[in-house]
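*Asks:* To start, I am sharing the structure in question, which I have written as structure tokens.
The values are calculated or read from the model by the stated rules, or taken from the named source; none is laboratory data. Remember, predicted model here, so these are calculated numbers, not experimental data. Neighbour counts are summed over all protein chains in view; Cβ atoms, including those assigned to glycine, are modelled from backbone coordinates with ideal geometry.
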Amino acid sequence: MSFDKEAQSWDQNQERVDRARAFAEEILSFILPEKGMTALEFGSGTGLLSEQMKDHFQSISLVDTSEGMINVLKEKIEKKKLSNFHPYLIDLTRDSFSQKNFDVIYTSMTLHHIIDLNHILKVLNSLLNKNGYLCIADLEEEDGTFHSGNTFEGHYGFNREELTKLLNQNGFGVVYYSQPVTLKKERDGIIKDFPLFLMIAQKKNPSVQ
């Protein structure tokens with residue numbers, strides 16, 4: 001999938017909008033953000049998840065590696081006057097990021113695209129305040145058929161225990177887990193279910209560098 005090419009029509013997918021709303025509601029109901037808190041969306045795309053969060057955080061930084069997505073996001077910010085949104089075209093897997101001290105980081109359907117999970121979890125840990133939250137919405141472990149075609153490089157979803165262990169190794173403790181959404185996709189004439197999870201972890205210690 002070319003995210004740059006998909007960007008213009010990204011928000012027209014109602015299932016995608018509904019998914020963002022479902023994840024946002026669970027995140028907000030667990031975290032109960034206080035006035036003045038700041039957030040970061042990692043792999044923001046056009047900001048669908050952050051749109052559901054816009055009234056709950058003083059400032060939201062949105063980072064993505066797709067120029068097309070960020071351009072659509074910038075147009076949306078101007079059109080909807082989202083003055084507390086701050087977009088960044090940046091790859092956190094390799095680029096340094098000047099913004100820090102976030103209270104909450106959330107990410108939806110991005111982590112399974114990241115090859116080096118240890119590295120990105122260390123980076124995200126370093127950007128969070130002490131006791132800050134990392135909210136991961138992503139695919140349950142699957143058989144590799146979620147992404148059609150042979151071009152996907154990444155993880156075939158996540159095993160709950162393995163991801164929990166990885167988070168523990170990088171300074172986090174898991175405090176919440178649910179499966180609020182199931183996607184349905186047709187594969188070889190059969191409709192398959194792909195459950196999505198929401199895992200919320202809290203920063204306990206700085207990750208080991």
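*Asks:* Are any of the residues in the range 143-158 in a strand (DSSP E or B), in contact (Cβ under 8 Å) with a residue 60 or more places away in the chain and closer than 19 Å to Phe42 by Cα?
*Replies:* no
*Asks:* Right, another one. Could you say whether any residue in the range 85-104 is free of Cβ contacts under 8 Å to residues at least 60 places away in the same chain, farther than 25 Å from Ala201 by Cβ and β-branched (Val, Ile, Thr)?
*Replies:* The answer is no; no qualifying residue exists.
*Asks:* Let me ask something additional. Taking the range 104-151 as the search range and keeping residues that are over 20 Å from Arg94 (Cα atoms) and among the aromatic types (Phe, Trp, Tyr), which one is surrounded by the fewest Cβ atoms within 10 Å (Cβ to Cβ)?
*Replies:* In this case the residue turns out to be Phe146.
*Asks:* What are the pairs, 6+ residues apart or on separate chains, where a residue within the range 196-208 that is at pLDDT below 95 has its Cβ under 7 Å from a residue that is of a type in the set (A, V, I, L, M)?
*Replies:* Ser207/Leu121
*Asks:* In addition: Name every residue in the range 132-142 that is over 18 Å from Phe42 (Cα atoms) and touching a residue at least 40 places away in the same chain (Cβ under 8 Å), in order of residue number.
*Replies:* Glu140, Glu142
*Asks:* Take the range 159-175 and flag every residue that is crowded, with 16+ Cβ neighbours inside 10 Å and not in a helix (DSSP H, G or I).
*Replies:* Answer for the range 159-175, where residues must be crowded, with 16+ Cβ neighbours inside 10 Å and not in a helix (DSSP H, G or I): Asn170, Gly171, Phe172, Val174.
*Asks:* When Leu111 is evaluated against the numbered criteria (1) farther than 26 Å from Thr46 by Cα; (2) within 15 Å of the chain's Cα centre (by Cα), which criterion, by number, is the only one it fails?
*Replies:* If we test Leu111 against (1) farther than 26 Å from Thr46 by Cα; (2) within 15 Å of the chain's Cα centre (by Cα), just (1) comes out false.
*Asks:* Listed residues Pro206, Pro195; which is of a type outside the set (Phe, Trp, Tyr) and touching a Lys or Arg at 6+ places or on another chain (Cβ under 9 Å)?
*Replies:* On the way: Pro195 fails: touching a Lys or Arg at 6+ places or on another chain (Cβ under 9 Å).
On inspection, the qualifying residue turns out to be Pro206.
*Asks:* For the range 159-195, how many residues meet the condition of being without any contact (Cβ under 8 Å) to a residue 60 or more places away in the chain, of a type in the set (Gly, Ala, Ser) and closer than 30 Å to Gly132 by Cα?
*Replies:* Adding up the residues that qualify gives 2.
*Asks:* Suppose we filter the range 46-63 for residues that are within 13 Å of the chain's Cα centre (by Cα), in a loop (DSSP other than H, G, I, E, B) and not small (Gly, Ala, Ser); how many remain?
*Replies:* Counting residues in the range 46-63 that are within 13 Å of the chain's Cα centre (by Cα), in a loop (DSSP other than H, G, I, E, B) and not small (Gly, Ala, Ser) gives 1.
*Asks:* Out of the residues in the range 130-142 that are more than 18 Å from the chain's Cα centre (by Cα) and in a strand (DSSP E or B), state the one that is farthest from Pro206 (Cα to Cα).
*Replies:* Asn131
*Asks:* Yes or no: Leu82 surrounded by fewer than 20 Cβ atoms within 10 Å (Cβ to Cβ), of a type in the set (A, V, I, L, M), assigned to a loop (DSSP other than H, G, I, E, B) and in contact with a helix residue (DSSP H, G or I) (Cβ under 8 Å, 6 or more places away or on another chain)?
*Replies:* yes
*Asks:* Write out, first by first residue and then by second, each pair whose Cβ atoms fall under 6 Å of each other, whose residues are 6+ apart or on separate chains, and whose first residue, in the range 109-123, is touching a residue at least 24 places away in the same chain (Cβ under 8 Å) and part of a helix (DSSP H, G or I) while the second is buried (at least 17 other Cβ atoms within 10 Å of the Cβ) and of a type outside the set (Asp, Glu).
*Replies:* Correct list of pairs: Leu111/Ile136; His112/Leu139; His112/His155; Ile120/Ile114; Leu121/Asn170; Lys122/Asn170; Lys122/Ser207; Val123/Leu92.
*Asks:* Return the residues of the range 89-103 that are surrounded by fewer than 18 Cβ atoms within 10 Å (Cβ to Cβ) and in a strand (DSSP E or B); say none if nothing qualifies.
*Replies:* Answer for the range 89-103, where residues must be surrounded by fewer than 18 Cβ atoms within 10 Å (Cβ to Cβ) and in a strand (DSSP E or B): just Leu89.
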